[in-house]
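Chemist: My questions will all concern the structure given below.
The values are calculated or read from the model by the stated rules, or taken from the named source; none is laboratory data. Predicted model, so just to flag it, every value in this text is computed and none were measured. Backbone-built Cβ (ideal geometry, glycine too); neighbour counts: all protein chains shown. When the accessible area is computed, the model is the full protein with side chains, heavy atoms only, and any ligands, DNA or RNA have been set aside. Shrake-Rupley method; radii C 1.70, N 1.55, O 1.52, S 1.80 Å.
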Amino acid sequence: MTNTTTNANAAAGVHLSVLIVDDDPFIRESLSLLIGMDPQIEVVGTACHGLEAVNQLESGGMPVPDVVLMDIRMPECDGVEGTKRIKALFPQTSVLILTTFDDDEFIIEALQSGASGYLLKNIPPSRIIEGIKTVHSGSMLIHPDIARKLTGMLRADAHKAGAGAGAEQSAGDAAGRSEQLPGRASSGRASSDGASFSGSATSDGASSGGASSGGASSGSASSSSGSAAPADSVQSKLRAAGLTPAEQNVVALIADGMSNKEIAQKLFLSEGTVKNYITDILAKLQVRDRTQLAILYWKSYNQLG
C-alpha cells in the first residue's frame, strides 16, 4: 500500500487493520489498493501463503491485524491451515476467506478452522470492504451461493444420519444430550462445537433433517422414522427460546431454504407478516440473519439425532 493511502487513513482515523494473504501478486496489490481507499481501513501487510503470514506475525514484522483476508488455494500453506494457525496464535483476529473456489471440501473446513466468513471473489470491492467490517464487528458472513451449498450439504448429511439412526430413541433422551438454550456466545463468532441456538453460528459436522408442526410440516418433515425424536426436541428448544408455534413453522421453512414469498404462500400469510415474524425470531434466538438461523437449526437437529 502506498504512503499516500496510509497517510490518508491516518488522517481519517483508521478503525481496523487488514492483512491480505494470496499467492497471486496482482490480486494482493489490487486488493491492497482497493481496500486501502476506505478511510476506516489500513492494509498493514501482505503474504503469499498462510505460513508466510504466520511467520511475519510471529516475528513482529507487521502488527497483528484485526482481520486477515485469506485465499484458500495457495502453495506451502493453504488458507485452511493458515486460518487454523493464525486463530491458534491470535484468537482475537478475524479471518475472512476470499476465494474463487466454492469447493465442498473447503467450505466446512475453513469455517471449522475458525474463519468468520467465506466470500467469493466475484463480488464488488464495496462488498469485500463491507465484509471486512462485518466480521470485525463479531458477526459471521457467508456468500449467498456458499450458504445455499452449505445448507444442502448439511441436509444431505442429515438424511444419511437419520437413515442410520434407531427409531426407538425418545425425544427426552435426545434433549438430554443437547446444550441448554438461551445464552449468546460472548464473542459472537463462529464456533466449531456446540449445538445451541445462540448468537454464534456453528459450522462443523453433519445435521439431521427438518422438523415442524402445522403449516410447515410438509416442508420440513424428515423422511426417516428415526428422526421423530430429534424433531420434537428441536421444537422444544424453539419453544424454550420463546418462539410461538407460528414462528417455529417459519424457522423450519427457512431451514428448508424457502424465500419469504414461498413461506407466505405456504402458510397463507402476507410477505410483510413473514418479515415481521423473521425479525422477532432473529431477536429471540440472537442470530444475525436467516443464514445463521438455518445453519443453527440443522446443527441443533443433528446434535439431537
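Chemist: Tell me, which residue of segment 96-124 that is part of a helix (DSSP H, G or I) and open to solvent by 60 Å² or more (accessible area, probe 1.4 Å) is farthest from Ile295 (Cα to Cα)? Explain how you work it out, then say what you get.
Modeler: Going through segment 96-124, the residues part of a helix (DSSP H, G or I) turn out to be 104-112.
Of the ones still in play, those that are also open to solvent by 60 Å² or more (accessible area, probe 1.4 Å) are 104-105, 109, 112.
Numbers: Asp104: 16, Glu105: 17, Glu109: 15, Gln112: 13 Å.
My answer is Glu105.
Chemist: Report the residue count in segment 69-79 for those that are more than 21 Å from the chain's Cα centre (by Cα) and crowded, with 16+ Cβ neighbours inside 10 Å.
Modeler: Residues meeting the conditions: 2.
Chemist: For segment 54-68, check the following and say yes or no: at least one residue is touching a strand residue (DSSP E or B) at 6+ places or on another chain (Cβ under 7 Å), open to solvent by 10 Å² or more (accessible area, probe 1.4 Å), of a type in the set (S, T, N, Q) and in a loop (DSSP other than H, G, I, E, B).
Modeler: Checked against the condition, which is being touching a strand residue (DSSP E or B) at 6+ places or on another chain (Cβ under 7 Å), open to solvent by 10 Å² or more (accessible area, probe 1.4 Å), of a type in the set (S, T, N, Q) and in a loop (DSSP other than H, G, I, E, B), segment 54-68 yields no hits at all.
Chemist: Return a yes/no flag: does segment 30-42 have any residue that is under 22 Å from Gly138 (Cα atoms), open to solvent by less than 20 Å² (accessible area, probe 1.4 Å), at pLDDT 95 or above and among the hydrophobic types (A, V, I, L, M, F, W, C).
Modeler: yes
Chemist: Of all residues in segment 81-94, which are under 19 Å from Asp24 (Cβ atoms) and surrounded by 22 or more Cβ atoms within 10 Å (Cβ to Cβ)? It would help to see each step written out before you state the result.
Modeler: Pass one, segment 81-94, residues under 19 Å from Asp24 (Cβ atoms): 81-83.
Hits for segment 81-94 are Gly82, Thr83.
Chemist: Report, ordered by the first and then the second residue, all pairs with beta carbons closer than 8 Å, sequence separation of six or more or different chains, a first member in segment 111-129 that is under 19 Å from Ile27 (Cα atoms), and a second member that is in a loop (DSSP other than H, G, I, E, B) and β-branched (Val, Ile, Thr).
Modeler: Close Cβ pairs (under 8 Å, with a partner that is in a loop (DSSP other than H, G, I, E, B) and β-branched (Val, Ile, Thr)) amount to Leu120/Thr100; Lys121/Thr100; Asn122/Thr100.
Chemist: Hey, another quick one. Please list, ordered by residue number, the helices (runs of 4 or more DSSP H) wholly in segment 248-305 having 2 or more residues that are on the phi < 0 side of the Ramachandran plot and within 22 Å of the chain's Cα centre (by Cα).
Modeler: Because the criterion is at least 2 residues that are on the phi < 0 side of the Ramachandran plot and within 22 Å of the chain's Cα centre (by Cα), the helices (runs of 4 or more DSSP H) in segment 248-305 that meet it are 271-285, 290-304.
Chemist: Could you check segment 251-305 and list, in sequence order, the residues that are open to solvent by 50 Å² or more (accessible area, probe 1.4 Å), closer than 21 Å to Ala147 by Cα and not hydroxyl-bearing (Ser, Thr, Tyr)?
Modeler: Those that are open to solvent by 50 Å² or more (accessible area, probe 1.4 Å), closer than 21 Å to Ala147 by Cα and not hydroxyl-bearing (Ser, Thr, Tyr): Gly257, Lys261, Glu262, Lys275, Ala283, Gln286, Arg288, Arg290, Gln303.
Chemist: Sticking with this one: Which condition number in (1) outside any helix (DSSP H, G or I); (2) modelled with pLDDT under 85; (3) farther than 19 Å from Thr151 by Cβ is the one that Gly242 fails?
Modeler: The single condition Gly242 does not satisfy is (2).
Chemist: Here's a follow-up. What's the number of the only condition in (1) without any contact (Cβ under 8 Å) to a residue 12 or more places away in the chain; (2) within 25 Å of Leu141 (Cα to Cα) that Ser270 fails to meet?
Modeler: (2)
Chemist: Pairs please, first residue from segment 61-76 and under 11 Å from Ala47 (Cβ atoms), second anywhere and open to solvent by 60 Å² or more (accessible area, probe 1.4 Å), Cβ atoms under 6 Å, 6+ apart in sequence or on different chains.
Modeler: Short answer, once both residue conditions are applied: Met74/Asp23.
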